[in-house]
1. Just checking, which of Glu121, Glu64 is assigned to a loop (DSSP other than H, G, I, E, B) and either under 19 Å from Glu36 (Cα atoms) or more than 16 Å from the ligand (Cβ to nearest atom) (or both)?
2. Would you confirm whether any residue within the range 136-144 is more than 22 Å from Asn15 (Cα to Cα) and either touching a residue at least 60 places away in the same chain (Cβ under 8 Å) or assigned to a helix (DSSP H, G or I) (or both)?
3. Against the conditions (1) surrounded by fewer than 16 Cβ atoms within 10 Å (Cβ to Cβ); (2) closer than 20 Å to Ile5 by Cβ, where does Met160 fall short? Just the number, please.
4. Select from the range 17-51 the residues that are touching a helix residue (DSSP H, G or I) at 6+ places or on another chain (Cβ under 8 Å) and within 14 Å of the ligand (Cβ to nearest atom) and list them in ascending order.
5. Take the range 80-118 and flag every residue that is away from the ligand (no atom under 16 Å from the Cβ) and of a type in the set (A, V, I, L, M).
6. I'd like to verify a number: residues in the range 128-156 that are open to solvent by less than 70 Å² (accessible area, probe 1.4 Å) and within 16 Å of the ligand (Cβ to nearest atom), how many?
7. Please go through the range 2-23 and pick out each residue that is closer than 23 Å to Lys153 by Cα and part of a loop (DSSP other than H, G, I, E, B).
8. Kindly indicate which of Glu26, Glu103, Glu36 is assigned to a helix (DSSP H, G or I), open to solvent by 70 Å² or more (accessible area, probe 1.4 Å), in contact (Cβ under 8 Å) with a residue 24 or more places away in the chain and out of contact with any Cys (no Cβ under 7 Å at 6 or more places or on another chain).
Amino acid sequence: MIRTILHYPDKRLRNPGLPVTDFGAEFQALVDDMAETMYEAPGVGLAAPQIGVSLALFVVDCAEAETPSDFRVFANPVILQTRETVSWPEGCLSFPNAQEDIERAKWVKVKAQDRNGNWFELETEGLLAIAVQHEFDHLQGKLMIDRIGPLKKRLLHRKMEKRATAQARAGA
Ligand code: NI
């Protein structure tokens, strides 16, 4: 089932993700819904708080076009180590049509639980490393607008407020 993606400045995006403790049927359905919602958007990552679910859970698929999918589930993720920094143009499904250059670690080592609750560790760089950090932020209620300079922040905030007002008027 495709879930509704919350858009900034929806306050629910600020709710932190609480630990996932139950990997049962309800959780499996949630993961399936998040995959469906992410692919339909389309996006390369989606965090549970973006669909109004306050769990420490995100999904990503950073496979390049015309390559097999690389769907990954991260429950209760912990970033263990980072190296170097890189500036990357990022988008976010909660900020439609916005793109901002954001500085992140170039390389990360992360541990998390997969959809069956098994812990795994991943060392990665490139788009997947960026996506992991971006989605990890969502679980702390942190958004890309929090990582840009004051002028860009004001512009993006205004743009998103306008968009929200227009949508409310249109009854969307
Ligand atoms: Ni995002």
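The values are calculated or read from the model by the stated rules, or taken from the named source; none is laboratory data. Given the structure is predicted, the values throughout are model-derived calculations rather than measurements. Cβ coordinates were reconstructed from backbone atoms using ideal geometry, including for glycine residues, and neighbour counts include every protein chain displayed. Quick note on the areas: whole protein, heavy atoms, side chains included, nothing else; ligands and nucleic acids left out. Shrake-Rupley method; radii C 1.70, N 1.55, O 1.52, S 1.80 Å.
1. Working: Glu121 fails: assigned to a loop (DSSP other than H, G, I, E, B).
Just one listed residue meets the conditions, Glu64.
2. Looking only at the range 136-144, we keep the residues that are more than 22 Å from Asn15 (Cα to Cα), and these are none.
No, that holds for no residue.
3. (1)
4. Just the residues of the range 17-51 that are touching a helix residue (DSSP H, G or I) at 6+ places or on another chain (Cβ under 8 Å), to begin with: 17, 20, 30, 33-34, 37, 44-51.
Gly17, Met34, Thr37, Val44, Gly45, Leu46, Ala47, Ala48, Pro49, Gln50, Ile51, listed by residue number.
5. Leu80, Val86, Ala105, Val108, Val110, Ala112
6. At the first step, the residues of the range 128-156 found to be open to solvent by less than 70 Å² (accessible area, probe 1.4 Å) are 128-139, 141, 143-146, 148-149, 156.
Those left that are additionally within 16 Å of the ligand (Cβ to nearest atom): 128-139, 141, 143-146, 148, 156.
Summing the residues that are open to solvent by less than 70 Å² (accessible area, probe 1.4 Å) and within 16 Å of the ligand (Cβ to nearest atom) in the range 128-156 gives 19.
7. Step one: of the range 2-23, the residues closer than 23 Å to Lys153 by Cα are 5-16.
Answer for the range 2-23, where residues must be closer than 23 Å to Lys153 by Cα and part of a loop (DSSP other than H, G, I, E, B): Ile5, Leu6, His7, Tyr8, Pro9, Asp10, Asn15, Pro16.
8. Numbers: Glu26 fails: in contact (Cβ under 8 Å) with a residue 24 or more places away in the chain; Glu103 fails: assigned to a helix (DSSP H, G or I).
That would be Glu36, the only listed residue that is assigned to a helix (DSSP H, G or I), open to solvent by 70 Å² or more (accessible area, probe 1.4 Å), in contact (Cβ under 8 Å) with a residue 24 or more places away in the chain and out of contact with any Cys (no Cβ under 7 Å at 6 or more places or on another chain).
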